[in-house]
């Protein structure tokens, strides 16, 4: 099961919290105006993901992460549109394929 496999945000965050529970950090305040976390326990990859997710949540950009609407793709992308409505990681690849498939289905009368 992946974090992104659920539609329930509370369940997803609970899963993420559970999966990252073995990761611990210390903070280094020796540089004025900066806090530098150092991972002391847990898997390094999970620790890196945890730090990046924490940064995205802290600076308010987490809500701009999207999963491509192409069910065969599953790419995650950062939505830079003002309206936050981008659907595909790449319009040229997934968006075009979806539009062509819709057009062909309409033409064939399905």
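The values are calculated or read from the model by the stated rules, or taken from the named source; none is laboratory data. The structure presented is a predicted model; accordingly, all values stated were derived computationally and were not measured. Glycine also receives a Cβ, built like all others from the backbone with ideal geometry; neighbour counts cover every protein chain displayed.
Evaluate segment 57-71: report whether one residue or more is more than 27 Å from residue 17 (Cα to Cα) and in contact with a helix residue (DSSP H, G or I) (Cβ under 7 Å, 6 or more places away or on another chain).
Yes, the conditions are met somewhere in segment 57-71.
Output the number of the condition that residue 87 fails; it satisfies all remaining conditions of (1) within 30 Å of residue 26 (Cα to Cα); (2) part of a loop (DSSP other than H, G, I, E, B).
Evaluating residue 87 over (1) within 30 Å of residue 26 (Cα to Cα); (2) part of a loop (DSSP other than H, G, I, E, B) leaves (1) as the failure.
Tell me whether segment 77-86 contains one or more residues that are within 20 Å of residue 102 (Cα to Cα), surrounded by fewer than 16 Cβ atoms within 10 Å (Cβ to Cβ) and not assigned by TED's automatic domain parsing to the domain that holds residue 13.
Scanning segment 77-86, I find at least one residue that is within 20 Å of residue 102 (Cα to Cα), surrounded by fewer than 16 Cβ atoms within 10 Å (Cβ to Cβ) and not assigned by TED's automatic domain parsing to the domain that holds residue 13, so the answer is yes.
Please go through segment 38-72 and give me each residue that is within 12 Å of the chain's Cα centre (by Cα) and either part of a loop (DSSP other than H, G, I, E, B) or under 21 Å from residue 86 (Cα atoms) (or both), ordered by number.
Within segment 38-72, 53, 56, 57, 61, 62, 63, 64, 65, 66, 67, 68 qualify.
So which residues in segment 59-74 are in contact with a strand residue (DSSP E or B) (Cβ under 9 Å, 6 or more places away or on another chain) and more than 21 Å from residue 95 (Cα to Cα), if there are any at all?
The answer is 61, and nothing else.
Take the residues of segment 12-37 that are within 12 Å of residue 51 (Cβ to Cβ) and in a loop (DSSP other than H, G, I, E, B): which is nearest to the chain's Cα centre (by Cα)?
The residue in question is 20.
Being surrounded by 10 or more Cβ atoms within 10 Å (Cβ to Cβ) and on the phi > 0 side of the Ramachandran plot is true for just one of 48, 42. Which residue is that?
From the options 48, 42, the qualifying one is 42.
Has segment 91-98 got any residue that is without any contact (Cβ under 8 Å) to a residue 40 or more places away in the chain, closer than 24 Å to residue 49 by Cα and either in contact with a helix residue (DSSP H, G or I) (Cβ under 8 Å, 6 or more places away or on another chain) or surrounded by 16 or more Cβ atoms within 10 Å (Cβ to Cβ) (or both)?
Looking through segment 91-98, none of the residues is without any contact (Cβ under 8 Å) to a residue 40 or more places away in the chain, closer than 24 Å to residue 49 by Cα and either in contact with a helix residue (DSSP H, G or I) (Cβ under 8 Å, 6 or more places away or on another chain) or surrounded by 16 or more Cβ atoms within 10 Å (Cβ to Cβ) (or both).
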